[in-house]
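Some notes on the structure that comes next.
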Amino acid sequence: MKKILILLFLSLFFACQRKEPVFTLVETNKQVDTDSYQWSKYSYKNYILIENMPNDTMELKRLMIYHFLHSTSAIDSLQKNSNLNGVYCSFLKSTLGTRKRFFSLTDKEKQRAGSYTSPHGRNSLGWYNNKTYIGNVFVWRCKEDNTKLTAIIWINLGTDCDYRERLPDVEEDILLNECESDWYEKNKNDELVKYYIKLKDKKNHYQTVKLKSHLF
């Protein structure tokens, strides 16, 4: 009995010692979508650093979705700006390299360090690599109907890769696909789909109420 009580006490002690995850939006930038050959079209790219990343993958995904919707202006921006093609967010571990990239460099030094899309930037200063990259959340417009959206989440599987050649293998979950008329009916019971849509609708409702309060 005494051993059981000791084990219970130790379990409670270590549970209480667990540090809460901290998500910090460190950068948002505008990128012209040159591939579309329409210079008026653009996207927003966000970076969020995570401290005390949870080990449970489902908990991590839910937290990434939450902070993507609440820390960035993804849904609001897409609703207001017809020229905005998409909003993206990379989640990185808060390390010496990533903190230096976002907090210690001048704008010119950041340009030399590159972005996650440039081969040089993926390895520059050790800030974006297989050890620091956690995943992404993307929301973009459907090609056939730009009033409808698609959203996905990626989680890095940690497989070895050369960031100068390609990104690592990821686990992908589709959170929303309004491009396909029957997609929601087929996926409405998926846990992450329900969570994403609930948060998105709640945020939309809050923004609508906030707008009305300013108008009246």
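The values are calculated or read from the model by the stated rules, or taken from the named source; none is laboratory data. What you see is a predicted model, and the numbers here were worked out from it, not measured in a lab. Cβ placement follows ideal geometry from the backbone for every residue including glycine, while neighbour counts extend to all protein chains displayed.
Values computed for the structure shown
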{"item": "Search result, residues across segment 78-98 that are more than 15 Å from N156 (Cα to Cα) and buried (at least 16 other Cβ atoms within 10 Å of the Cβ)", "result": "L78, L84, N85, G86, V87, Y88, S94, T95, G97, T98"}
{"item": "Check on L215, under 16 Å from M58 (Cβ atoms), at pLDDT below 95 and not basic (K, R)", "result": "no"}
{"item": "Residue match in segment 117-132 (condition: part of a strand (DSSP E or B), at pLDDT 60 or above and surrounded by 15 or more Cβ atoms within 10 Å (Cβ to Cβ))", "result": "no"}
{"item": "Unmet criterion (only one of (1) over 19 Å from I153 (Cα atoms); (2) surrounded by fewer than 20 Cβ atoms within 10 Å (Cβ to Cβ); (3) of a type outside the set (A, V, I, L, M)) for R101", "result": "(2)"}
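Let's see how each residue does on (1) over 21 Å from F23 (Cβ atoms); (2) among the acidic types (D, E); (3) at pLDDT 90 or above:
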| position | (1), (2), (3) |
| --- | --- |
| T98 | no, no, no |
| E109 | yes, yes, no |
| G114 | yes, no, no |
| L149 | yes, no, yes |
| D169 | yes, yes, no |
| I174 | yes, no, yes |
